[in-house]
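Taking it in order: structure first as structure tokens, then the write-up.
The values are calculated or read from the model by the stated rules, or taken from the named source; none is laboratory data. Bear in mind that the values here come from a model prediction, so they are computed numbers and not experimental data. With ideal geometry, Cβ positions are generated from the backbone for all residues, glycine too; neighbour counts draw on all protein chains shown. Ligands, DNA and RNA are excluded from the accessible area calculation, which covers all protein heavy atoms including side chains. Shrake-Rupley method; radii C 1.70, N 1.55, O 1.52, S 1.80 Å.
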Amino acid sequence: MSAPDADLQPGSLDELPGDLMMWVLIVSELLVFGAGLAAFLGVRIADPAGFAEARTHLHPAPAGINTIILITSGFLAAKALEFGASRRTTTIRWSLVAAMGLGGVFLVIKGYEFADMVGNGITTETHPLFTFYYLLTGFHAAHVLAGIGILALVAWKNTVRNLEVGTAFWHMVDLVWVLLFPVIYLLG
Amino acid sequence: MKTDPILRAWFSLLVLSGASVAAAFIAGAGMGESVVGVLVLLFAWMKARVILARYLGLWQAPFWQSGFNWVLGLFCLLLLGLYLAPTVMV
């Protein structure tokens, strides 16, 4: 009798829930945003007083509301995946539509923040804090927009595998925000 | 009655977010910069742990959950070091 094929043995990678490639993406995104946050605090070392003054022009209250919006949206996406196991298609779709709606509200609030700051003459050139602010939160907002599109596709083609991949992307956006928000708005 | 783990995770995230903002506001009331930095980053790390475990389902993979927790914890320590560097260097 031949030994079982080594390729068929379960390895630690097989323990990961969902799609392996999505985890590769999650780690990649964490590295990119993580490097950005470390660079942000690294540049702050040279001018802590300037950063403290510049931070007073940010909008922590709307950003705090956006934190609640995003984690609630993540909750709805996680519930959609749970409903996926029991194939409750209508409930899955409504959960995802609600998650997407909250993502839309997040972008509207972010748009208000950007519009107000640009209206006050604050651009990427004004101070290094704002360079990082526009770059990191703008890049994150682009991910929110992409995530809304992905959730829409998953609501349409809602197989369990699609739900796992789509909601994992959405949670990655959530994960990045819970690191971004405190560093930029509270510590910057 | 058993509580839904995802609902519990959502509630934990709300509480931790509130605590994080409260810690930053207390900074204005004279709490030391280092204490605020420790608290805000500790809460951020705890929130990341909840999202990884419950929203992303890593509770099913203890090996990976532990690995992510360690790496994110070390990353938060790096951020804390960078945040406190100006205070230490004065």
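Hey, with R₀ at 22 Å, roughly what FRET efficiency would B:W59 and B:A85 work out to, going by the Cβ-Cβ distance, to 0.05? It would help to have the intermediate numbers written out before the result.
On the way: r = 35 Å, r/R0 = 1.60.
After rounding, the FRET efficiency stands at 0.05.
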Fill in the blank from the handout: Computed ³J(HN,Hα) along the range A:87-98: with the Karplus parameters 6.51/-1.76/1.60, θ = phi - 60°, integer Hz and x for glycine or proline, the list is 6, 8, 4, 5, 5, 4, 5, 5, 4, 5, 5, 5
Exercise for the section: Place a +1 charge on the Cβ of each Lys and Arg in the range A:1-148 and a -1 charge on the Cβ of each Asp and Glu, then give the dipole magnitude about the Cα centre in debye, rounded to the nearest 20. Expected result: 560
Completion exercise
Once normalised by the length of chain B, the mean sequence separation of its alpha carbon contacts under 8 Å that are 6 or more apart gives a contact order in percent of 30
Problem - Probe 1.4 Å - accessible area at A:D47, Å² to nearest ten - result: 60
Exercise for the section: Using the charge dipole of the protein assembly as shown (Lys, Arg: +1 at Cβ; Asp, Glu: -1 at Cβ; taken about the Cα centre), state which of A:L129, B:C76, A:F169 has its Cα farthest towards the positive end. Expected result: A:F169
Practice task
Step through the residues of the range A:159-175 one at a time and calculate ³J(HN,Hα) from phi using the Karplus curve (6.51 cos²θ - 1.76 cosθ + 1.60, θ = phi - 60°), rounding each to whole Hz and writing x for Gly and Pro.
Solution key: 6, 4, 5, 4, 4, 4, 5, x, 6, 4, 4, 5, 5, 5, 4, 5, 4
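Calculate the FRET efficiency for A:V118 and A:D47 from the Cβ-Cβ distance with a Förster distance of 22 Å, rounded to the nearest 0.05.
0.45
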Completion exercise
With every protein chain in place, the accessible area of A:R88 for a 1.4 Å probe, in Å² rounded to the nearest 10, comes to 110
Exercise for the section: With unit charges on the beta carbon (Lys/Arg positive, Asp/Glu negative), name the residue among A:I184, A:W156, A:T67 whose Cα is farthest towards the positive pole of the charge dipole of chain A. Expected result: A:W156
Completion exercise
Quick numbers on the range B:5-89, Rg and Dmax over C-alpha atoms in Å, give 14.5, 44
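Using the heavy atoms of the protein chains alone and a 1.4 angstrom probe, what is the accessible area of chain A per residue in square angstrom?
44
Given just the C-alpha atoms of the range A:20-187, how large is their convex hull per residue in cubic angstrom? Before the final figure, lay out each step's value.
Details: hull volume 15.5 nm³, N = 168.
Convex hull volume per residue, Cα atoms: 93 Å³.
So what is the calculated 222 nm ellipticity per residue for the protein assembly as shown, using -39500 (n - 2.57) for each DSSP H run with n of 4 or more, over all residues, to the nearest 500 deg cm²/dmol? The partial results should precede the final answer.
Working: 10 runs with 215 residues, N = 278.
Taking each H run of at least 4 residues, the total per residue is -27000 deg cm²/dmol.
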